[in-house]
Every structure is written in structure tokens, then in C-alpha cells.
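All of the numbers you see were taken from the coordinates with simple rules; none came from a lab. Keep in mind it's a predicted model, so treat the numbers as computed, not measured. Note that we place each Cβ from the backbone using ideal geometry, even for glycine, and neighbour counts take in every protein chain shown.
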Amino acid sequence: MIVNLILLGPPGAGKGTQAQRLVERLKLPQISTGDLLRAAVRDGTDLGRQAKEYMQRGELVPDSVVVLMLKKRMQADDCRTGCILDGFPRAVTQAEILEGVFSEQARSLNHVVSIEVPEEELVRRLTGRRSCPKCGAMFHVMFSPPEKEGVCDKCDGELITRADDNEETIRNRIAVYREQTEPLKKYYEEKGLLRPIDGTGTPKDIEEKIAKVIG
Ligand code: AP5
Ligand code: MG
Ligand code: ZN
């Protein structure tokens with residue numbers, strides 16, 4: 001069965017955490033535009049140079065940059081049986097572009113899972129997040145600490161705090177979400193694709209809730 005789904009939600013809602021779980025469960029690739037952009041910034045590519053300042057401020061990177069990356073990634077072989085989109089689309093303009101990509105590739109979008117979490121919880125999650133740049137594993141200093149402080153359980157890599165996980169940028173990312181991304185809920189609701197879920201609870205509970213709404 002081919003499944004294309006979007007994980008929608010504010011910064012810190014757990015899109016990346018749940019995407020990684022769904023990769024295992026559904027055997028589909030995760031496409032995170034945030035991860036693709038961070039890799040481009042790290043590698044110092046043209047697109048990365050264009051994206052860097054927007055990301056540091058917590059603003060959306062221009063569609064021209066993000067869409068190029070997304071299209072290239074979606075053409076890869078492993079996406080033929082579907083994909084889990086994490087962090088794209090983030091604005092109605094991007095949703096419209098995505099529709100074009102899907103129709104060019106003769107595929108369709110099945111579900112938009114909207115992960116709902118209250119704002120204060122988002123800030124707690126993001127200020128305590130630590131991630132492994134080597135293998136992508138995610139930790140939280142309180143909610144899911146690594147066995148050894150600062151070291152990845154999976155690959156022994158050194159854990160980092162993301163450059164945009166400071167309180168000022170976090171607040172701006174949340175404001176940008178409310179303004180530019182949240183209207184997508186209505187957009188997809190009207191198409192009958194929106195599956196809202198409560199994103200509080202353990203990651204395992206939330207995974208089960210997602211599994212239920214996508215059937
Ligand atoms: P992106 O990387 O997508 O960041 P984001 O949307 O701000 O979301 P996060 O990755 O911060 O949070 P998440 O929902 O994945 O949560 P996570 O699972 O990590 O984008 C970054 C930037 O790139 C943007 O600001 C923008 O500049 C640019 N960008 C990206 N896509 C773009 C696009 N399409 N267009 C334009 N610009 C774009 O969890 C967070 C923490 O909480 C972790 O520590 C985790 O361990 C913990 N946690 C997770 N679940 C739970 C739980 N159930 N209980 C307790 N703790 C939990
Ligand atoms: Mg993420
Ligand atoms: Zn690691």
C-alpha cells in the first residue's frame with residue numbers, strides 16, 4: 001500500500017520524534033525539510049548559505065530554496081512507496097506546490113496528522129532538546145536523557161543543542177507557526193485530510209494515536 005502523509009504541528013510538537021517511529025513502523029522514509037536545510041547549512045552549499053539567516057531568526061526559508069530540496073528528495077527511489085513529510089508544507093503556498101508535485105508523480109496525499117501541544121510544553125521540550133548530528137537521534141535532558149550526559153546512546157556521537165533552540169528564537173518560531181502554518185489546518189480540513197491528535201503523553205502513546213487515525 002502506498003501512503004503519503006504529512007506531520008503538521010508547531011516547533012517541538014514531536015514531528016521528528018514521531019516521524020522516526022513511523023519510519024520503523026511503516027517502512028517509509030522521513031523527509032524533514034528542517035534536516036535537509038541543516039545539512040545544507042553544515043555543508044556550506046549555495047542553498048544552505050541562503051537559508052542560514054532565516055533559520056537563525058526562526059523565520060521560514062523562502063519557498064524557492066525549500067521547494068528545490070523537497071522536489072529532489074521526493075524523486076529518490078525510496079519515496080516510490082510513499083513518504084512521511086516532516087515540516088513541509090508550512091504555508092498555504094507550499095501546500096499548493098506540493099499538490100502539483102503529487103499530481104506530476106501521479107500520487108496522492110492520504111493524511112495530514114496535526115499534532116497539538118500547548119505552548120508552554122513546546123518551550124519546555126525545545127529548551128531541553130539535545131540531538132545527535134551524526135545519526136539524528138533525539139534526546140531531552142529531562143524527558144528522555146541519554147545514558148551518559150552529552151553522548152548519543154546509539155552512536156556515541158557528541159550531542160548538540162540546535163542553534164535555533166534558544167528561548168527568543170523558539171518564541172518567534174511559534175509565532176511564525178501560528179501565523180503562516182496553522183492556516184493549513186483549515187486548508188486540509190476542507191479537503192477531508194486533517195487528522196488532529198493530542199500530542200501530550202508519552203511518545204509511544206502518541207505513536208499509537210497516530211497509527212489509529214491513519215488506519
Ligand atoms: P524544523 O527542523 O522543521 O523545526 P520545527 O518545525 O521548529 O520543529 P522541531 O524540529 O523543533 O520540533 P519537532 O516537532 O520535530 O519536535 P521533536 O520531535 O524534535 O525547521 C527548522 C527551521 O528550518 C524553521 O524554523 C525554518 O527556518 C526552516 N524550515 C524547515 N522547513 C521549512 C519549510 N517547509 N519552509 C520554510 N522553512 C522551513 O521534539 C522536541 C523535543 O521534545 C525533543 O527533545 C524530544 O525528545 C521531546 N519530545 C518529543 N515528544 C515528546 C513527548 N511526547 N513527551 C516529552 N518530550 C517529547
Ligand atoms: Mg523536527
Ligand atoms: Zn547518534
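General remarks:
- Contact order normalised by residue count of the range 119-215, Cα under 8 Å, 6+ apart, percent: 19
- Shape call, the range 8-89: gyration tensor on alpha carbons, a/c limit 1.5: oblate
- Residues whose amide H comes within less than 5 Å of that of ILE31, counting only those at least five positions distant or on another chain, are ILE84, LEU85, ASP86 (H built at 1.01 Å from N in the peptide plane).
- Cβ-based exposure ranking for CYS152, CYS79, CYS135, in which fewest neighbours within 10 Å come first: CYS135, CYS79, CYS152
- Sequence-ordered 3J(HN,Hα) estimates for the range 172-189 from the Karplus curve with 6.51, -1.76 and 1.60 and θ = phi - 60° stand at 5, 4, 5, 5, 4, 4, 4, 6, 9, 9, 4, x, 5, 4, 5, 4, 7, 4 Hz, glycine and proline given as x.
- Between ALA175 and GLU158, the distance separating the two model label sites (each 7 Å from Cα on the Cα→Cβ line) works out to 3.4 nm.
- Among ILE174, ILE97, ILE84, the residue with the largest mean-square fluctuation in a Gaussian network model of the chain, with springs joining Cα atoms closer than 10 Å, is ILE97.
- Computed over the chain, the per-residue total of -39500 (n - 2.57) for DSSP H runs of n ≥ 4 gives a 222 nm mean residue ellipticity of -14000 deg cm²/dmol, rounded to 500.
- Under 19 Å from a label point set 7 Å out along the Cα-to-Cβ vector of ILE2, the amide N atoms of the range 177-213 belong to 193.
- Mean sequence separation of contacting Cα pairs (under 8 Å, at least six apart), scaled by the length of the chain, corresponds to a relative contact order of 29 percent.
- Magnitude of the charge dipole, the range 5-46, Cβ model with Lys/Arg +1 and Asp/Glu -1, debye to 20: 240
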